[in-house]
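Take a look at the structure below.
Bear in mind these aren't lab numbers, they're just calculated from the coordinates by the rules spelled out. Owing to the predicted nature of the structure, the values given are computational and were not obtained by experimental measurement. A quick note on method: Cβ atoms are made from the backbone with ideal geometry, for glycine too, and the neighbour counts reach across all protein chains shown.
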Amino acid sequence: MTDTAIVRRSGTAIWRQIEDSLAEEILAGQLAGRLPNETGLAERFGVNRHTVRQAVKALAERGLVEVLHGKGTFVREDLIDYQVGRRSRLAHSVAGQQRVDRSRILHSADTVARAEVQALLALPAGAAVLRIDSLDLVDADERVIGVCTQYFPLPRFAGLAAAYAELGQTHLALARFGVARFERKLSRITARLPSRETAQQLRQPASQPVLYLETVYVDEAGLPIEYGISRFAGRRCSWWWNPGSEV
């Protein structure tokens, strides 16, 4: 890849194009271990070291690489790149990386929504919801990448747990209930310490923070259909906002 080839993509900064190129190689497993140094990358792309430095900094901000001072820059291992878009879910990010993904339900029950859930789903006081607790699994060995709690309004989604258990993905189960398209209305992303149980499920120390993602989805009519809480292993999951990401 040369500087001339990069410049032909008008409207996008050269360093951003280099970032995208390296990110694609990392996520496809074509680039691992230690990255070439700035001089090597600059020669490869036909640019100066400052441009390469911007690209590598962006990769580090996305969590795809880790800079170890005095040692070099290294690709992070066992990484899922989660694109937070208006109409994307974890399943779409993982599918784009050609990995197997499904959710395993641990528990489901009809329950009265607590005040916060009522407000987020625009439900009246005392309204019932379907609560589903599950694990997000990736790769053939079904490695746990996320611990999830989801709430769906009742009676609209009565019976959804059975479809979810059969199909293994939320958006496929929702499609059976007439929700072919949805949109992310709210996302709150924070880093929190996990409970002991969550840490054990993610196979990480309880002292290590997790990526805590709260999301509200609405249907095409703008009606809330789901409030979800996902806890991702921070060392194995990077995230970035992609407003153009759709189903």
Item to complete: Starting from the Cα-Cα distance between ARG34 and GLU197, subtract it from 0.36 nm times their residue separation and give me the gain in nm to one decimal.
Response: 55.3 nm
Practice prompt. Mind checking the full-extension length gain between ILE189 and ALA206? Use 0.36 nm per residue of separation minus the Cα-Cα distance, one decimal, nm.
Written response: 4.2 nm
Worksheet item: What does the highest-first list of 41-48, 131-138, 67-74 look like by mean Cβ count within 10 Å?
Response: 131-138, 41-48, 67-74
Worksheet item: Could you give the nm distance between label points at ARG176 and LYS57, where each point is 7 Å from its Cα heading toward the beta carbon?
Response: 4.9
Item to complete: Return the FRET efficiency for the residue pair ASN48, ASP20: r is the Cβ-Cβ distance, R0 is 25 Å, and the value is rounded to the nearest 0.05.
Response: 0.85
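Between ALA162 and ASP141, what length in nm is gained on full extension when 0.36 nm per residue of separation is reduced by their alpha carbon distance?
My answer for the length gained is 5.2 nm.
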